[in-house]
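Asks: Sharing a structure below in structure tokens format, with a few things to ask.
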Amino acid sequence: MEEKPWSDLHSDLTSMISDQLGLIDLLSFRGVCNYWRSSCSNSSAEIESSVPKPWFLLYGESARCSLLTNDDRIFRIEIQEMAEAKCLASFVGWFLLYCKNRKSLSFFCPFSRAKIEIPQCPLISEQSESAESDIFAAFSSYPTDPDCVVAVVKRKNYAKLKLCLLRRGESEWSFHRHLWPDFGKIKSIALHERAFHFLDEFNKLVAFEYDTMKWMNYEIKPRSPKGSKSTGNKTLDYWVDKSWIHKEPFSSNSDKMKKLLGIEDPCCSISVCGTMVLKGGVNDRVISHEFLDDYDEDHDDDDESKPRRELKGVWFQPRFHQISQDQRW
């Protein structure tokens with residue numbers, strides 16, 4: 001009997017196999033040969049993960065990234081697009097990446113390498129390098145969705161918020177401003193009832209309805225007893241009761257995370273982009289943005305053999321998105 005190479009498997013069979021694979025196995029499957037890669041193109045455009053827990057990607061020094069799965073497995077993968085980029089937002093398996101060198105803004109799926117360029121945001125263009133940490137972003141749905149809306153927000157000081165909005169198909173960003181004294185540094189961003197919610201470090205929340213262009217101020221508090229007096233701002237008490245806000249998951253497990261990711265250098269900082277994990281209604285989970293600076297005071301600044309490392313990380317839902325080559329914003 002004549003032996004045939006694996007690449008000669010019928011396309012129906014390879015498509016059936018690829019439909020049953022998880023994300024990591026699918027990446028290996030696609031890497032066998034061009035034929036197997038092309039056979040995956042007709043499979044599901046999106047492989048949904050049945051696991052509600054997000055994955056974590058560490059990047060920032062080169063194209064080599066560390067991928068940590070929900071069951072603590074670690075993979076080293078090459079993602080060239082992450083080498084000179086910063087992730088501003090993460091949602092439904094898509095990243096919103098800003099590349100400083102090319103001054104470009106784009107959606108990117110780390111597994112399929114699908115990419116959708118969008119117009120540069122003037123709020124980012126005017127930002128100095130030293131104040132990049134004050135820029136945050138979010139988007140309302142898949143970037144292929146005709147209803148997708150992107151928001152980039154900058155906290156100018158403890159009172160003013162500047163927001164730029166871009167709808168799918170548009171080429172110009174719209175500007176919106178809001179004033180709320182003592183609103184702190186943004187920690188989390190979520191989407192709820194067609195509004196972007198910005199939660200600060202003091203449990204204050206600003207919501208922006210992108211259909212009506214209306215701003216709303218809230219304070220996050222535990223549920224108050226009936227008959228108690230309330231403040232002038234509206235209160236979304238059920239958010240906390242339903243554990244909607246999940247704060248600082250990296251820093252609360254810092255030692256474990258660093259050990260798993262192989263971060264041994266005490267002189268490093270990690271800027272972490274949070275995400276929103278969809279689990280259904282009030283059970284949706286929000287993971288905060290973080291900045292960890294583990295500077296070692298005993299470190300000798302003159303010791304060039306131990307340079308300070310500046311790393312980046314992003315939480316995300318593992319998804320495999322495929323788009324047509326002519327996909328445009």
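The values are calculated or read from the model by the stated rules, or taken from the named source; none is laboratory data. Small disclaimer: the values here were computed from a predicted structure and weren't measured. Because the Cβ atoms are built from the backbone with ideal geometry, glycine has one as well, and the counts that use them run over all protein chains shown. With ligands, DNA and RNA removed, areas are computed over all heavy atoms of the protein, side chains included. Shrake-Rupley method; radii C 1.70, N 1.55, O 1.52, S 1.80 Å.
Asks: From the Cα gyration tensor of the range 145-205, with a ≥ b ≥ c the square roots of its eigenvalues, which class applies: rounded if a/c is under 1.5, or else prolate if a/b is larger than b/c, or else oblate?
Replies: oblate
Asks: Add +1 for every Lys or Arg and -1 for every Asp or Glu among the other residues with Cβ under 10 Å from the Cβ of residue 83, and state the total.
Replies: Numbers: positive: 64; negative: 61, 78, 81, 84.
It works out to a net charge of -3.
Asks: Hey, another quick one. With a sphere of radius 15 Å drawn around the Cβ of residue 168, what net charge do the other residues whose Cβ falls strictly inside it have (Lys, Arg +1; Asp, Glu -1)? Kindly include the intermediate steps, with their values, before the conclusion.
Replies: Values: positive: 167, 194, 328; negative: 117, 145, 147, 170, 172, 211.
The answer is -3.
Asks: So what is the accessible area of the range 64-183 per residue, in Å², with the probe set to 1.4 Å? Kindly include the intermediate steps, with their values, before the conclusion.
Replies: Values: 5100 Å² over 120 residues.
I get 43 Å² per residue for this part.
Asks: Using label points projected 7 Å from each Cα along Cα→Cβ, tell me how many nm separate residue 99 and residue 174, to one decimal.
Replies: Taking the simple label geometry, residue 99 and residue 174 are separated by 3.0 nm.
Asks: Show me the chymotrypsin sites (Phe, Trp or Tyr not before Pro) within the range 130-208 that DSSP assigns to loop and that have at most 16 other Cβ atoms within 10 Å of their Cβ. Intermediate results must be reported in sequence, preceding the final value.
Replies: On the way: sites: 136, 139, 158, 173, 175, 183, 196, 198, 202, 208; in loops: 158, 173, 183, 202.
For chymotrypsin sites (Phe, Trp or Tyr not before Pro) across the range 130-208 that sit outside H, G, I, E and B with at most 16 neighbouring Cβ atoms in 10 Å, the list reads 158, 202.
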